[in-house]
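The values are calculated or read from the model by the stated rules, or taken from the named source; none is laboratory data. Every value quoted in this text rests on a predicted model; they were computed, and no experiment measured them. Note: accessible area is taken over every heavy atom of the protein model, side chains too, but ligands, DNA and RNA are not part of it. Shrake-Rupley method; radii C 1.70, N 1.55, O 1.52, S 1.80 Å.
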Amino acid sequence: MKTISFTTSQFVTIDYELASPVYRAVSAFLDLVFLLIYLLIASYFISANLLDLDFNSLQNRLSFLSIFLLRLPWLLYSPVIEYLTNGRSLGKLIMGIRVVKSNGETAGLREYFTRWIFRIVDIWVGGFGFLALLVSGTTEKRQRIGDIMADTVVIKVKDTQIYNLKDVLSIKNSDNHVPTYPNVIRFSDEDMLLIKNTILRVQRYPNQPNKDFAIELADETARLIGLQETPPKRMEFLKTVLQDYVVLTR
């Protein structure tokens, strides 16, 4: 399993798994299926709206509709939808992968169009995707030629980096738990997600930047709930704050 590390503005290192060539190929196939379904529906729509037109009107309307409903979506589907969804086409969304810059930042329109332009080489010139599979399977960051030129990578995002409210509620059984810090009710669900995210990050990647961020978070949390000093066992303190929040707000 190949991974890539990104450093946040708080100097926290986050590791993501790079999408394998198989995941990328399946997502591309799904995108093709969705496009074909769209083209079938669009073609039916065009046919249904041209039945009652005379020949001249038919030619003009057919030319207009074929360009804007068939040709442009087929050509521009990939860069436009990835730009609108921050790097996730329909196929990528299903496969749980996403395009980002190699430094972890969200890619921009220039990067998406660069990747799209080099699809001609990666997919069509390179033997219907064989070249893309070969290059992405052998490069260090699993990049095809379009990724290398655009300075992007494709990562898996269906991982423990993604949290929701159920994660907060499932940290442990709250039955018979007596809250220690009643002032935690001043926090929001988003604050608790950040705390749990930090706890899991330290457990999974116990490097110094992650530990330092957890210490800072514990100190700030203690200050906000009115403690004069942070308990010495900071990770246990953060876990207690989470559990107290669940008990007092649910």
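Heavy-atom accessible area, probed at 1.4 angstrom with all protein chains present, ranks Leu18, Leu36, Leu70 as Leu36, Leu70, Leu18, highest first. For Tyr77, the solvent-accessible surface with a 1.4 Å probe is about 40 Å², rounded to the nearest 10. For Phe6, Phe45, Phe29, Phe128, the ranking by accessible surface with the largest value first comes to Phe128, Phe29, Phe45, Phe6, using a 1.4 Å probe. A 1.4 Å probe, protein heavy atoms only, puts the accessible area of Ser43 near 50 Å². Distance from the C-alpha centroid of the stretch 65-129 to that of the stretch 176-203: 39 Å, rounded to the whole angstrom. Accessible surface of the stretch 201-249, 1.4 Å probe: 51 percent of it comes from carbon and sulfur atoms. Each of Thr106, Thr139, Thr221 has its accessible area taken with a 1.4 Å probe; listed largest first, they run Thr106, Thr139, Thr221.
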